[in-house]
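The values are calculated or read from the model by the stated rules, or taken from the named source; none is laboratory data. Every value quoted in this text rests on a predicted model; they were computed, and no experiment measured them. Methodologically, a virtual Cβ is constructed for each residue, glycine included, from the backbone with ideal geometry; neighbour enumeration extends over all protein chains shown. Ligands, DNA and RNA are stripped out before the accessible areas are found, and what is left, the full protein with its side chains, is counted by its heavy atoms. Shrake-Rupley method; radii C 1.70, N 1.55, O 1.52, S 1.80 Å.
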Amino acid sequence: MIVNVIDLLPDISERLDHIIHSLPALAPELVLIATFVASILSGLFADRLWWHGTFAVTVIGILLSAVCSSFQVGNPDADGVLFGMVSTDAFGQYMRILVAVVCLLFALFVHASPDFRAHRKKTADLYTILLAVHIGLNLMALATNWLMTFIAIEMVSLGSYLMVGYLAAAPRQTEAAMKYVLFGAVCSAVMLYGMSLLYGFTGTLDYTSPQHIQGLNGTPSALVTLALLFVFTGIGFKLTFVPFHFWTPDVYQGAPTPVTAFLSTAPKIAGIALLANILYAWPADSFAYQNLQLMLAGAAIVTMLWGNLAALRQTDVKRMMAYSSIGHTGFLMMAVLAYSSQDYTALLYYLAVYSLMNMGVFMLTGYIESRTGAVDLARYDGLGKIMPLALVCFTLIMISLTGIPPTSGFVAKLLVFTAVFHSWQATGDISMVLLLIVGALTTVISLFYYFKIPLHAFLKTADSQPEMKPMRYSILWLAVVLTVAVWVLGVFPDWLVG
Amino acid sequence: MITLTHFLIVGACLFSIGLYAVMARRNAIMVLVGIELMINAAVLNLVAFGRYDSEHYGGQAFALFAIVLAAASVAVALAIILNVYRHYKTINPEDINHLKD
């Protein structure tokens, strides 16, 4: 029997050696897996003695994995890791660190959130889910293989569904979770079908391999377009670009605020990294690349316009921010389309700044909602006098989200516009000009809804004083730190870009 | 003689039926059944194509992972639908619309 196995796998010892040599490159994920197991155990046993136990384990695990990633930035592993399933280049390392920062902020946010503190199931399971999602996000940013892409997206999706439905305290929360899970499962099923077609056309699952590109070039273009459209249904769902954005406003409004903050940042970072990996795995003269670029440019233009125009007529703050994040997705796609093979500074800077701003905004929304119960813009009237610090920070972040100097939002938009302009000069591609015009136009449109917040909070007066609930200030201080970071990075962008 | 084309046609039919069940949106469980049909269409495709990839068996391996993940996502979806039923006393997606523009 043993002889048969060796006959079937003559190179088994080489394969095992390869896997063992790949492990150091995946150290951050291994740390997270160990933390995942530890968090289950501490949720079962340690939390009875000290209720911060799982939180502490999670924070330490995320920090350790971020440190592991930052050690690898200097010496990227050029060879394929795990038979070319993942590639741990410098871009992927930066993405890992960014994801770790967002996960850390989410853990702190949940820890400080009164809704989650009061929940009967406690938060230990949520931290466990967060760690699993973190692994999925890392793999999503590194994947170079359709199988790995699918597994990573599903890991992130499953965790996100559970996060949205975790509290299930109000009907709206369960409704948001149901809409999310049904829409998400349909999108991933369509994506799986598209991947099966691509596998059939090319005979390989590794989308960076020459065989894959040859296969795509040898297939009728209509079929390739159809298969790519199917695959990008799933990726579009994670990134929330038009026309796969329908779930976004409902889910962002219905989900608990910390979860909304997480969903609007972390999956987008990983999704954008995945998009960049797929797009730049293919040579610029191949049919698949040109096709994909055209599709993405069209989607980016529609996404920017739709997100920003729809945000104008929202009255719920979380819903407004949902449309704003759709608009920013369009901008991020523009950054992906513009970045030329090695220079991803603009993209990285935009992603980092966008994550900090969105986390800050949702922390402030959560804080204001917990203290006064205000979720509607009309109920923000006169709040500026009652909670000056929170609303000043809110306004400062809104200025940055719009992209007004000297904030980091401005620098980020400037870097993206410059990259798009260079790309246009280099290629003369008319879609780049369109992207540039729409980007500038939507920046102006966004001013009108972002400034509704300071308008309501400072310039209008309320008919009655809202009832203030006592609450700890930890979320507020965290938001203040993020606001300061957003402004400091605008004045000294070198700190991040360098 | 059953060829690759036959498998692909069955797969395409399964996918279309699944998509119809999803679009009809009568009942959340029926949507899940539709999703399951779509995933199985993809699995059938993967295994059929995998016959021509005897070096890596990528298709078969992918099919196994897809089946496992489909089961996991159905488990999560059912738990969420149960929670919805507790609050709304219905699982018809058309009737559950507190959140809308």
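Tabulated values for the structure
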quantity: For B:64-72, mean number of other protein chain Cβ atoms within 10 Å; calculated: 4
quantity: Chain lengthening between A:Asp376 and A:Ile20 when straightened (0.36 nm per residue, less Cα-Cα); calculated: 122.7 nm
quantity: Estimated [θ] at 222 nm from DSSP helical runs (n ≥ 4, -39500 (n - 2.57)) normalised by residues in chain A, nearest 500; calculated: -24500 deg cm²/dmol
quantity: Calculated FRET efficiency for the pair A:Ser13/B:Leu4, C-beta based, R₀ 25 Å, to 0.05; calculated: 0.10
quantity: Heavy-atom accessible area order for B:Glu36, A:Glu14, A:Glu29, largest first, 1.4 Å probe; calculated: A:Glu14, B:Glu36, A:Glu29
quantity: Most mobile listed residue (B:Asn40, B:Asn83, B:Asn27) in chain B, GNM with C-alpha springs under 10 Å; calculated: B:Asn83
quantity: For a label point 7 Å along the Cα-to-beta-carbon line of A:Thr225, residues of region A:295-327 with backbone N under 15 Å; calculated: A:295-299
quantity: Mean accessible surface per residue for region A:18-142, computed with a 1.4 Å probe while every protein chain stays in place, in Å²; calculated: 43
quantity: Within region A:161-193: backbone nitrogen closer than 13 Å to the A:His119 label point (7 Å, Cα to C-beta); calculated: A:161-170, A:173-174, A:177
quantity: Protein heavy-atom accessible area occluded, B/A pair - total, 1.4 Å probe, Å²; calculated: 3600
quantity: Candidate lysines for bridging to B:Lys100, where Cα separation is under 22 Å - those fewer than 8 sequence places away on the same chain excluded; calculated: A:Lys179, A:Lys238, A:Lys318, A:Lys452, B:Lys89
quantity: Gaussian network model of chain B, springs between alpha carbon atoms under 10 Å - residue of B:Leu64, B:Leu14, B:Leu44 with greatest fluctuation; calculated: B:Leu64
quantity: Nearest-0.05 FRET efficiency for B:Asn97 and B:Tyr20, computed from C-beta distance (R0 35 Å); calculated: 0.95
quantity: Projected area, mean over directions - chain A, Cα convex hull, nm²; calculated: 24.7
quantity: Percent accessible area from carbon and sulfur atoms, region A:18-142, protein chains only, probe 1.4 Å; calculated: 73
quantity: Rg ratio (alpha-carbon, reference 2.2 N^0.38 Å) - region A:18-142; calculated: 1.13
quantity: Relative contact order of region A:285-336, pairs being alpha-carbon contacts under 8 Å that are 6 or more residues apart, as %; calculated: 42
quantity: Percent accessible area from carbon and sulfur atoms, region A:324-476, protein chains only, probe 1.4 Å; calculated: 68
quantity: FRET efficiency, A:Lys469 to B:Leu82 (Cβ-Cβ, R0 25 Å, nearest 0.05); calculated: 0.20
quantity: A:Gln211-B:Met30 pseudo-label distance in nm [points 7 Å out on the Cα-to-Cβ vector]; calculated: 4.4
quantity: Choice from B:Gly11, B:Gly58, B:Gly34 showing the highest fluctuation, given a GNM over chain B with Cα pairs closer than 10 Å; calculated: B:Gly58
quantity: Pairwise centroid distance, computed over Cα atoms, of region A:43-66 with region A:293-326, Å; calculated: 37
